[in-house]
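Accompanying notes for the structure given below.
The values are calculated or read from the model by the stated rules, or taken from the named source; none is laboratory data. Worth saying up front: this structure is predicted, and the values here are computed from it rather than measured. So basically every Cβ, Gly included, is an ideal-geometry build from the backbone, and we count neighbours across all protein chains shown. Ligands, DNA and RNA are excluded from the accessible area calculation, which covers all protein heavy atoms including side chains. Shrake-Rupley method; radii C 1.70, N 1.55, O 1.52, S 1.80 Å.
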Amino acid sequence: MINRSAYPIDPWALCETSLDLGVLAQSETLFALSNGHIGLRGNLDEGEPFGQPGSYLNGVYEARPLPYAEAGFGYPEDGQTVINVTNAKIMRLLINDEPFDIRYGKVRSHVRSLDFRTGILDRSVDWVSPEGHGIRVHSQRIVSFTQRSVAAIVYEVEPIESPLRVVVQSELVTNEVLPPRSHDPRVAAILVSPLQAESHASSNLNVTLVHRTKASGLRVAVAMDHVAEAPSALQINTESFPDLGRVTFSAALQPGERLRITKFIAYGWSAERSEPAMRDQVEAALAAARQTGWDGLLAEQRAVLDKFWQRADIEVDGDPEIQQAARFTLFHVFQAGVRAEGRAIPAKGLTGPGYDGHAFWDTEIFILHALTYTAPETVAHALRWRYETLPLAKERAHQLGLKGAVFPWRTISGAECSAYWPAGTAAFHVGADIANAVVRYIRATGDEDFARGIGLELLVETARLWRSLGHHDARGRFCIDGVTGPDEYSAMADNNVYTNLMAQHNLLSAAEIAATYPDESKRLHIDQEEMATWRDAAKAMYIPYDSALKIHPQADDFTNHEVWDFEGTSDDQYPLLLHFPYFNLYRKQVVKQADLILAMHLRSESFMPEEKLRNFVHYEALTVRDSSLSANTQAVIAAEVGFVELAHQYLAETALMDLDDLDNNTREGLHLAACAGTWIALTGGLAGMRERNGTLGFAPRMPEGITRLAFNLTILNRQLHVEIKSDETSYRLVSGDDLKIFHYNKSVRLTSKHVVSRPTEKLVPTAHPTQPRGREPLVRRRAN
């Protein structure tokens, strides 16, 4: 757990007022910077000490064989692991030949802050060396949102009491030694020295290194250049080696004098381009960065973030901890996708090596959900990546004897990397999750070019999968057997409700879009007969229901299974997957994460209000939340069915997942879906936002601890501002044409000239449902 006393609450920044080496790896994650292409963990400038070094390029991985005790047809043969590429962050410092290392001497102050409005990671250190020499170090770091290949650092050193000889070594380091991994399967595999040197060069203040991965054959280039400012003459030496580049600056400084070094960094990679081409690419990016200059890069960054917050800001009055967390999480979601163009948004973003750097279904269901209404252009790029992997998905479907496209459970390049079928390929719902994100994006943006191209083909190929995967049983019901839903503690089940409802939506959406664009549909060989089979399957889709309990079983026969012995399970036996065999989990009623409850959120119209209440209460007693994906969905439905204070508790759990290191694995990277889940819990939970056929509706529910919730969002090229108080909800159309919305299912017409206010319904407090023993929602550790 992170000691939050060192992190004072600030609505627009994450500040750390003292350094705790015991949670250094966790803080490196929290202070990570990214633009979706480059990811730099918040490691200390001098390189040591470190918790988990990390510099990542989206899409750069090394391949490794997947081991099987027994081979089986259709098993993926190769895994993929994100690699730590060349570290360009390092700025080593020596004063009078003593290395600046916070493990020695005396740290009089150490402050770091990440400003969500500027995107700058700022660090100030006041340190006294073991020999008694005092210095002040100040650094700033950014990863550019406008110049995709560029990062930059400003590093300043100032003697405090006495003259000092100061040496700064600015480095590029390849194949760093990484700390040992744990036995937790959610932690990444470690590959030793994955990069082979191809070339290195140095001149003036510039160094370039080019490497290539051994198995995947990806070429990676990195270059650095500098601007140095000092009150007196500098001695400078530049050198390069296969795995190291270094520019050394040496100066004699008087107290109050300052050495300032601006370091410009450029990264690039390719599976196709030659070594000279990659070298020239990063050197050209450096030239552009130098021309822009440090101040210019900061101005560009601020302009991008000003625009983002203008259309995406969220305000939470009455709960300052959630206010800070809401902006912290949304900032990280945005920077994970802002320049990810043509690449996935991994589960950890580019903040750490967890899950081997893979992307999963939670990208489409959670991350893209938030981005659709806050930064929709990033969603188009993310879905374009899925489209570009469509050939691999169609090949996988053919291998499995199916039609259409089978998208991978986990991947970097688009190929399936899960070696465990029940919790991997069997989770066919990934295809419907992608389709859901496609439909949401089209309805929220009206992007017809996307719809008739990428959107159409993704919907069609996933619909073809469902038509070939399912079948009509003897009673005429369309059934989908042997699949795994979102709950990974239940596998290979028949007619998982979430999967069937999402497949139904996928089939109907494909038929609708194919009819809308007949010319483009002909190109994909779609005819009326095929569209009719999609509609027939959707109409006949079987949705299990337990009439005795008056609830929906998560899948066929789920409610007939023995209930897990929660009373006999101790707190230290969670998460269950690390302490019990899957065989035991699969045949018991125990839910890892929201499954049926997620279906009630995403396919809300398929359930009656009283069904939602009964379902929620029933599954609340079975859900152990061994996944960070669960709390936000439970918050959404808890608010909808009337348990508003419980929704507030689940909101806090998802919002503080990484800030408080609730799952004890923040060192491996942020839980990016939980970050997006904070926005979802606020807008979909407390604000009750739902989309149906392109129209937004709101049903606000305000807990006692929050006095006001306000947020901006983008819908159909319009900007909408929503403000909710306990007695009144106001809607303001900030820009764009008139807009129809719903307030508690009543139509409201918005124009840019008026603020429309409606009453916020009062709810009668009711007793909360119970959870499994020891799995109650988060109890806040810090009073607001």
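What the table shows:
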read-out: Flag for Thr770 being out of contact with any helix residue (DSSP H, G or I) (no Cβ under 9 Å at 6 or more places or on another chain), among the β-branched types (Val, Ile, Thr) and either part of a loop (DSSP other than H, G, I, E, B) or free of Cβ contacts under 8 Å to residues at least 40 places away in the same chain (or both); value: no
read-out: Qualifying residue in region 82-104 (condition: assigned to a loop (DSSP other than H, G, I, E, B), in contact with a Ser or Thr (Cβ under 8 Å, 6 or more places away or on another chain) and surrounded by fewer than 22 Cβ atoms within 10 Å (Cβ to Cβ)); value: yes
read-out: Matching entry among Ala681, Ala621 (being open to solvent by 10 Å² or more (accessible area, probe 1.4 Å), modelled with pLDDT of 95 or more, closer than 30 Å to His561 by Cβ and touching a Ser or Thr at 6+ places or on another chain (Cβ under 7 Å)); value: Ala621
read-out: Entirely in region 226-332, the strands (runs of 3 or more DSSP E) that have 1 or more residues that are under 22 Å from the mean Cα position of the chain (by Cα); value: 259-270, 314-317
read-out: Residues of region 43-69 classified as over 18 Å from Ser216 (Cα atoms), of a type outside the set (S, T, N, Q) and surrounded by fewer than 23 Cβ atoms within 10 Å (Cβ to Cβ), total; value: 9
read-out: Pairs where the first residue, in region 728-739, is over 16 Å from Ala312 (Cβ atoms) and modelled with pLDDT of 95 or more and the second is among the small types (Gly, Ala, Ser) and open to solvent by less than 40 Å² (accessible area, probe 1.4 Å), C-beta under 9 Å, 6+ apart; value: Thr729/Ala687; Ser730/Ala710
read-out: Checking Arg339 against (1) at pLDDT 95 or above; (2) touching a helix residue (DSSP H, G or I) at 6+ places or on another chain (Cβ under 8 Å); (3) of a type outside the set (Val, Ile, Thr); (4) part of a loop (DSSP other than H, G, I, E, B), the condition it does not meet; value: (2)
read-out: Residue that is surrounded by the fewest Cβ atoms within 10 Å (Cβ to Cβ), among those in region 560-616 that are of a type in the set (Gly, Ala, Ser) and in contact (Cβ under 8 Å) with a residue 60 or more places away in the chain; value: Ser570
read-out: Any chance Arg123 is basic (Lys, Arg), open to solvent by less than 40 Å² (accessible area, probe 1.4 Å) and at pLDDT 95 or above; value: yes
read-out: Members of region 480-508 that are touching a residue at least 40 places away in the same chain (Cβ under 8 Å), open to solvent by 10 Å² or more (accessible area, probe 1.4 Å) and assigned to a loop (DSSP other than H, G, I, E, B); value: Gly482, Glu488, Ser490, Ala491, Met492, Asp494
read-out: Exclusive hit being under 20 Å from Gln771 (Cα atoms), assigned to a loop (DSSP other than H, G, I, E, B) and of a type in the set (Lys, Arg), set Arg625, Arg614; value: Arg625
read-out: Region 396-411, residues that are open to solvent by less than 20 Å² (accessible area, probe 1.4 Å) and touching a strand residue (DSSP E or B) at 6+ places or on another chain (Cβ under 9 Å); value: Pro408, Thr411
read-out: Residue match in region 535-548 (condition: in contact with a Leu (Cβ under 6 Å, 6 or more places away or on another chain), open to solvent by 40 Å² or more (accessible area, probe 1.4 Å) and at pLDDT 95 or above); value: no
read-out: Hits in region 250-273 - residues which are touching a residue at least 40 places away in the same chain (Cβ under 8 Å), more than 30 Å from Ile160 (Cβ to Cβ) and exposed (fewer than 15 other Cβ atoms within 10 Å of the Cβ); value: Ala271
read-out: Any hit, region 575-595, residues being under 28 Å from Gly705 (Cβ atoms), in contact with a helix residue (DSSP H, G or I) (Cβ under 7 Å, 6 or more places away or on another chain) and not in a loop (DSSP other than H, G, I, E, B); value: yes
read-out: Number of the condition not met by Leu191 [criteria: (1) assigned to a loop (DSSP other than H, G, I, E, B); (2) surrounded by fewer than 18 Cβ atoms within 10 Å (Cβ to Cβ)]; value: (2)
read-out: Subset of region 377-390 [of a type outside the set (A, V, I, L, M, F, W, C) and either open to solvent by 20 Å² or more (accessible area, probe 1.4 Å) or within 15 Å of Ala432 (Cα to Cα) (or both)]; value: Glu377, His381, Arg384, Arg386, Tyr387, Glu388
read-out: Near pairs, Cβ below 6 angstrom, 6+ apart or cross-chain, from region 391-411 (more than 18 Å from Asp433 (Cβ to Cβ) and part of a loop (DSSP other than H, G, I, E, B)) to any residue that is open to solvent by 10 Å² or more (accessible area, probe 1.4 Å) and not β-branched (Val, Ile, Thr); value: Lys403/Arg464; Lys403/Ser468
read-out: Inter-residue pairs, beta-carbon under 8 Å, first in a strand (DSSP E or B) and in region 525-550, second polar (S, T, N, Q), 6+ apart; value: Met541/Asn500; Met541/Gln504; Asp546/Thr559
read-out: Ala674, sole failed condition from (1) assigned to a loop (DSSP other than H, G, I, E, B); (2) of a type in the set (A, V, I, L, M); (3) closer than 27 Å to Arg708 by Cβ; value: (1)
read-out: Cβ-Cβ under 9 Å pairs, at least 6 apart or on other chains, region 5-21 side under 16 Å from Thr329 (Cα atoms), far side part of a loop (DSSP other than H, G, I, E, B) and open to solvent by 50 Å² or more (accessible area, probe 1.4 Å); value: Tyr7/Thr17; Ile9/Arg782; Ile9/Asn784; Trp12/Arg117; Ala13/Arg117; Cys15/Pro8; Cys15/Ile9
read-out: One residue from Val128, Val107 being within 30 Å of Ala251 (Cβ to Cβ) and either open to solvent by less than 30 Å² (accessible area, probe 1.4 Å) or among the basic types (Lys, Arg) (or both); value: Val128
read-out: Glu640 acidic (Asp, Glu), in a helix (DSSP H, G or I), at pLDDT 95 or above and out of contact with any Pro (no Cβ under 8 Å at 6 or more places or on another chain); value: yes
read-out: Options Ser149, Ser193: the member that is free of Cβ contacts under 8 Å to residues at least 24 places away in the same chain and among the hydroxyl-bearing types (Ser, Thr, Tyr); value: Ser193
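Residues checked against (1) more than 15 Å from Gly697 (Cα to Cα); (2) within 32 Å of the chain's Cα centre (by Cα); (3) open to solvent by 30 Å² or more (accessible area, probe 1.4 Å); (4) of a type in the set (Gly, Ala, Ser):
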site: Phe711; (1), (2), (3), (4): no, yes, no, no
site: Leu720; (1), (2), (3), (4): no, yes, no, no
site: Lys725; (1), (2), (3), (4): yes, yes, yes, no
site: Ser730; (1), (2), (3), (4): no, yes, no, yes
site: Phe742; (1), (2), (3), (4): no, yes, yes, no
site: Ser752; (1), (2), (3), (4): yes, no, yes, yes
site: Ser757; (1), (2), (3), (4): no, no, yes, yes
site: Thr766; (1), (2), (3), (4): yes, no, yes, no
site: Val779; (1), (2), (3), (4): yes, yes, yes, no
